[in-house]
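Bear in mind these aren't lab numbers, they're just calculated from the coordinates by the rules spelled out. Please read these numbers as outputs of a predicted model, since none were measured by experiment. Virtual Cβ from ideal backbone geometry, glycine too; neighbours counted across all protein chains shown.
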């Protein structure tokens, strides 16, 4: 009995295996011959059975396609972003060069305009190539020297006003002492016709960016806002070059004179290009003449002592 049952089970397993093989062969033959003939009923049955597998396969294929497309887009965007960054850097460099060229052209245009206007001067253009580290705002170095006709004590200017003078002319470069240097001394005069008060401009150690006009009589007609120009006295600086504006006035330590604090006409922190006056065709200022003296009250111009009548007659 047991052998009969075992045999029935084995026959059943063989039958299921045979059925699976037959169905598999049918499916293979069906899909191979699907393009050659039509079998509507069988096709629908097989499609119904294989539909879930087809949907799963289609979903996997779509996901793979989406992922592949996303990776490709990311790679493409990365390359495009890299190219755009390079273009931005190039355009930024071009823009900086263009701005620098515009600024330089503007400075040169002003210098050429000043050179054409100041025909009484022979000018040599120069560029600031250095500043002394220990006196940052008081001494500069320019790229012109004796080979370019530069010599000591030549005035240095910009279209805005007076810069200083050459104190050490080398072969290809020169040192220029600025008017901000406390060791400098510039003869100046108030430009206002009603004043014409003279004084000396020099640097201030306590205020390195603002020079001061000293030796001003206490009752002199000098007010805030007056324009200060070179007087021409001393033979170094030609007359009429603007030095600055009177910003404020104060008494000196003795209380007998006034000091004018000036706002310099030149912005020394932005100084890049200058011009050296190598020659001036301007006539030097006439020497100061003593006032006409009333007869009987003459004084000696040297000693200041009163001259008696007979001596005064003899001098005449």
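Brief remarks follow.
- With 10 Å bins from 0: P(r) over the stretch 122-280, alpha-carbon pairs, percent: 11, 42, 32, 12, 2
- Taking other C-beta atoms within 10 Å as the exposure proxy, 188, 158 rank 158, 188 from fewest upward.
- Directionally averaged projected area (the stretch 164-249, Cα convex hull): 6.1 nm².
- Label sites at residue 256 and residue 94, each approximated as a point 7 angstrom past Cα along Cα to Cβ, lie 6.9 nm apart.
- Å³ per residue enclosed by the Cα convex hull of the stretch 52-194: 244
- Residues 73, 104, sorted so that the one with the fewest Cβ neighbours within 10 Å comes first: 73, 104
- Ordering 94-100, 199-205, 176-182 by mean Cβ neighbour count within 10 Å, with the highest value first, yields 176-182, 199-205, 94-100.
- The residue 270 and residue 78 beta-carbon pair, evaluated with R₀ = 35 Å, returns a calculated FRET efficiency of approximately 0.20.
- Highest average packing first - 160-173, 207-220, Cβ atoms within 10 Å: 160-173, 207-220
- Here the simple spin-label model places points 7 Å from the Cα toward Cβ, and for residue 68 and residue 168 these points are separated by 7.6 nm.
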